[in-house]
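Read the structure below first, then the notes.
The values are calculated or read from the model by the stated rules, or taken from the named source; none is laboratory data. Quick caveat, the model's predicted, so the values are computed rather than measured. Note that each Cβ is placed from the backbone with ideal geometry, even for glycine, and that neighbours are counted across all protein chains shown. Ligands, DNA and RNA are stripped out before the accessible areas are found, and what is left, the full protein with its side chains, is counted by its heavy atoms. Shrake-Rupley method; radii C 1.70, N 1.55, O 1.52, S 1.80 Å.
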Amino acid sequence: MVVPSYWYNLASDLPVPLPPLIDPPDMGESRIALLTRILPSKLISEEHALDRYIEIPEEVRLAYSRLGRPTQLLRAEGFERRLGVRGRVRIYFKNESVLPSGSHKLNTAIPQVYYALLDGAREVATETGAGQWGLAVSQAASIFGLKATVFMTRSSFESKRVRRLAMEALGAMVYPSPSHATSVGREALAADPRHPGSLGLAIAEAVEYVLSSEDRRYVAGSVLESVITHQTVIGLELLEQLPEEPDYMIACVGGGSNFAGFTYPAIGLRLRGEAFSKTRFVAVESSSAARLSKGLYRYDWLDTGRILPLAKMYSLGSGHVPPPLHAAGLRYHGAAASLSLLRRLGVVEAASYPQAEVLRAGLEFSRTEGIIPAPESAHAVKAVEDLARKARDDTVIVFNLSGHGLLDSDAYERALALQGEIVKAGSGGG
Amino acid sequence: MDRLSTCADFLEVGIPSAKPIYDGPIVRETHRIAFSEIGGRLEPLKVLEGMDKPYTLLAYLDGLDRVGLRRLLETAASIGALCVLLPDLPFERPEMLNVYVGESLRAGLKPCFFASSRFPHGWLTGYSELDPLYVYLGLQPATGVKLPVDVFKNVALAKRLVGDTYLVAGFSVRSPSIARDLVKAGADGVVVGSAVIKKYVEDGLEPAARLACEIASGLRRAA
């Protein structure tokens, strides 16, 4: 099997058109026009592409291949046995955790950093929650020879020390967000010196940082349709690997790129009436940031600082600050426009789980498959566990193991403590 | 308006909206000024009656129910407009598509449709099957805003999808060369708005009219 030559653009097959980004009603300068000063040019072009398939540049394909794509689809036989469903339910998972930065985030970090390089940028900047995205950007920047600056939500900056150090080892500059490096960060700190940070706020800081110099570009970890399109490399590989059509496809959701990348090629076939007619697509979120389950479908700001345009999406409100979570990558206030539309249309279902249940399921998976899932990915594992136990005979479940949890020892320290396997509870997280 | 439209083949006249969400700063300002003058009333449209150029109207569907839509379309037909383009219909009220088509035909108008650059292919082919006056492809996410989008590639694909249907391209068409290249890519016409208005505001009527004529001549050379 080889790395796909094209990404897939689901918008071409949607049953109804995707609401575009808009400027706020009372704008001064157009936020949409501002994108040209923030994002890599080619990313903007891909964000507004009509094509169903978008060619992957050869340099990006080579980097994908060099860093471990295609990733494997594995059968979770041990987990099936542990759940007591072996012989009745077949569980498969796409293993994105084997990528060198430990998660699917590298799939879009590579093209975006490459596109920044094409624009003549010398530095990329971004936000990160748990650090998976920041680490992926740091790695992509190191490959293409650019400097990386990362605004990491303060709660994660303090709890995910090893991932922060890994970014720094790759040459990145990492700020805790809110930080004193930007005006939006200083305002947040003035209002609350113990502000835990949020992805929306960290985005605002990164964007402000980029706008302060001509040779910087912002790279986006999720939410944008072009970012989601890059992640479809996962789902396109999966179509070649699946031995049978699943009853369920499951992935966790923060902004939506992991879920979308994993499912959209299959959803596209479903929408075109070609396959996957029986498959249920389940998006799993944290009950602390359940935007698809409890948010409102409306135009809302992409960032807390209100620098970027508005997208129509399920949102908890751009000012929403979820409590600190081990799965910090799931703390974003909204979900990507296309994913929100699919949820609205009933093509995608949403489920949410609290942290303690998720981490316990993550431990179960670790002890049967030998892979410690990232706390974000453990949400998908928890949903698999629930659905598998209730499933009828001959059910097929496939989920995306979007990342590993080897750098999330704080989360599993907490989980082990909750199970009474260690005495001392970990820091952070509720 | 007569002077600005000297070189145009047809005109698109916007009905003022309180929430012109797909418009950029320049056209939004025209909406703001015009809306403060006439609000949502349709009577002032009578001034368009007897225009010597073919023209269409553009209106935001937001706030209009079926009765309001019928009244709008009937008014449009009564003053000689050829169709009423509703840019927010496909995104905000897609379920209203067939209602809009039916009400347009009932009023004696042809439908005309809006599409964006990231748009379902099935909708574009579906548009063409409804025999519209034209399909309007918005090249950019907002009027008058220029992002590095491969607009020519999008136009070429859109034209393949709509077939013989008249395809016009708009949003950020600001020079004769862009107009020419859009036609070469497959557009049958272009719509120019923000560029001419900006020129009018900054330099006056004659330079704005000249720009409109230069763009029109660029387009005709390519045709």
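Worth pointing out:
- Residue in the range B:200-217 that is closer than 24 Å to residue A:40 by Cα and assigned to a loop (DSSP other than H, G, I, E, B) present: no
- The set of residues in the range B:61-80 that are of a type in the set (Gly, Ala, Ser) and open to solvent by less than 10 Å² (accessible area, probe 1.4 Å) contains only B:76.
- Among the residues of the range A:166-180, those that are open to solvent by 10 Å² or more (accessible area, probe 1.4 Å) and either in a helix (DSSP H, G or I) or modelled with pLDDT under 95 (or both) comprise A:166, A:168, A:169.
- Matching residues in the range B:158-194 - criterion: being part of a helix (DSSP H, G or I) and open to solvent by less than 20 Å² (accessible area, probe 1.4 Å): B:158, B:162, B:179, B:182, B:194
- Among the residues of the range A:32-46, those identified as out of contact with any strand residue (DSSP E or B) (no Cβ under 8 Å at 6 or more places or on another chain) and either in contact (Cβ under 8 Å) with a residue 12 or more places away in the chain or more than 7 Å from chain B (Cβ to nearest Cβ) (or both) are A:34, A:35, A:37, A:41, A:42, A:43, A:44.
- The single condition among (1) in a helix (DSSP H, G or I); (2) over 16 Å from the mean Cα position of the chain (by Cα); (3) modelled with pLDDT of 95 or more that residue A:339 does not satisfy is (2).
- Within the range A:412-423, the set of residues being closer than 14 Å to residue A:358 by Cβ, of a type in the set (Gly, Ala, Ser) and at pLDDT 80 or above is empty.
- Single residue of the range B:119-146 satisfying the filter (within 11 Å of chain A (Cβ to nearest Cβ) and in contact with a Pro (Cβ under 7 Å, 6 or more places away or on another chain)) that is farthest from residue A:11 (Cα to Cα): B:144
- Of all the residues in the range B:48-63, those that are over 13 Å from residue B:14 (Cα atoms) and either away from chain A (no Cβ under 14 Å) or of a type in the set (Gly, Ala, Ser) (or both) number 7.
- Set A:2, A:16, A:89: member being more than 10 Å from every other protein chain (Cβ to nearest Cβ), β-branched (Val, Ile, Thr) and either under 30 Å from residue A:408 (Cβ atoms) or touching a Leu at 6+ places or on another chain (Cβ under 9 Å) (or both): A:89
- Test: residue in the range A:109-119 that is within 14 Å of chain B (Cβ to nearest Cβ) and buried (at least 22 other Cβ atoms within 10 Å of the Cβ): yes
- Enumerated helices (runs of 4 or more DSSP H) restricted to the range B:1-92, each holding at least 1 residues that are under 25 Å from residue B:116 (Cα atoms), touching a residue at least 24 places away in the same chain (Cβ under 8 Å) and of a type in the set (D, E, K, R): B:66-78, B:89-92
- Residues in the range A:47-68 that are in a loop (DSSP other than H, G, I, E, B), free of Cβ contacts under 8 Å to residues at least 40 places away in the same chain and more than 8 Å from chain B (Cβ to nearest Cβ): A:68 only.
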